Amino acid sequence: VQFQLMLDEDKELQGRQQKAMGRRVRAEQEKTPIELRNLFRPRSLEEGAPAQVIQKVLLIGNPGTGKTTVSRRLAYDWARGYWGGECKAVYVLPVRALHQQRQDNQRSPLYGEETLQAAIANLLFDTIRSPEEYSKLLVQLADDLQQPSTLVVLDGLDEGPREVDTL
């Protein structure tokens with residue numbers, strides 16, 4: 001799969017423009033190519049500032065431009081050890097499937113609370129059959145989600161039902 005990711009960052013205007021206006025001026029957008037494996041590498045967000053750990057990334061683009069492919073590739077490359085040694089768990093959650101999953105699981109005895117860990121369990125671990133296994137999985141996922149070493153990729157956030165705001 002061939003794609004080009006562009007890092008779109010706000011860069012503050014410097015120098016005479018800023019001094020002449022006597023205040024902070026609107027930021028300019030600056031686009032820079034970035035490799036997938038470098039998305040979460042620490043970097044400076046402002047000129048001259050120290051590098052910061054990147055905890056959130058928003059992939060934007062028109063339908064069909066490869067956002068889902070990038071999300072899946074990110075998880076695949078992590079699983080293969082190509083990046084993210086600091087991540088202990090990576091979950092790609094297809095948000096667009098939450099509504100259908102919610103309807104299906106309301107008829108199931110394993111339907112859990114409406115939490116992020118329940119959404120991950122129900123969408124990504126659908127082979128769990130017993131209530132005991134399901135409860136253990138929810139506890140494990142809750143623990144994983146508390147760790148800074150867990151990455152959750154919300155794929156299709158703009159395509160899902162509005163109820164995902166509560167996750």
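Within segment 114-156, how many residues are open to solvent by 60 Å² or more (accessible area, probe 1.4 Å) and either touching a helix residue (DSSP H, G or I) at 6+ places or on another chain (Cβ under 7 Å) or over 16 Å from Trp78 (Cβ atoms) (or both)?
15
Before we move on, is Tyr91 of a type in the set (Phe, Trp, Tyr), free of Cβ contacts under 8 Å to residues at least 60 places away in the same chain and not in a loop (DSSP other than H, G, I, E, B)?
Here the answer is no, as Tyr91 does not meet what is asked.
What number of residues in segment 116-152 are free of Cβ contacts under 8 Å to residues at least 24 places away in the same chain, among the hydrophobic types (A, V, I, L, M, F, W, C) and part of a helix (DSSP H, G or I)?
Looking only at that region, the number is 4.
Would you check if there is a residue in segment 83-94 being modelled with pLDDT under 90 and either small (Gly, Ala, Ser) or over 27 Å from Pro42 (Cα atoms) (or both)?
yes
The values are calculated or read from the model by the stated rules, or taken from the named source; none is laboratory data. Every value quoted in this text rests on a predicted model; they were computed, and no experiment measured them. We place every Cβ from the backbone using ideal geometry, glycine too, and count neighbours over all the protein chains shown. Heads up: the accessible areas ignore ligands, DNA and RNA and are worked out on the full protein's heavy atoms, side chains in. Shrake-Rupley method; radii C 1.70, N 1.55, O 1.52, S 1.80 Å.
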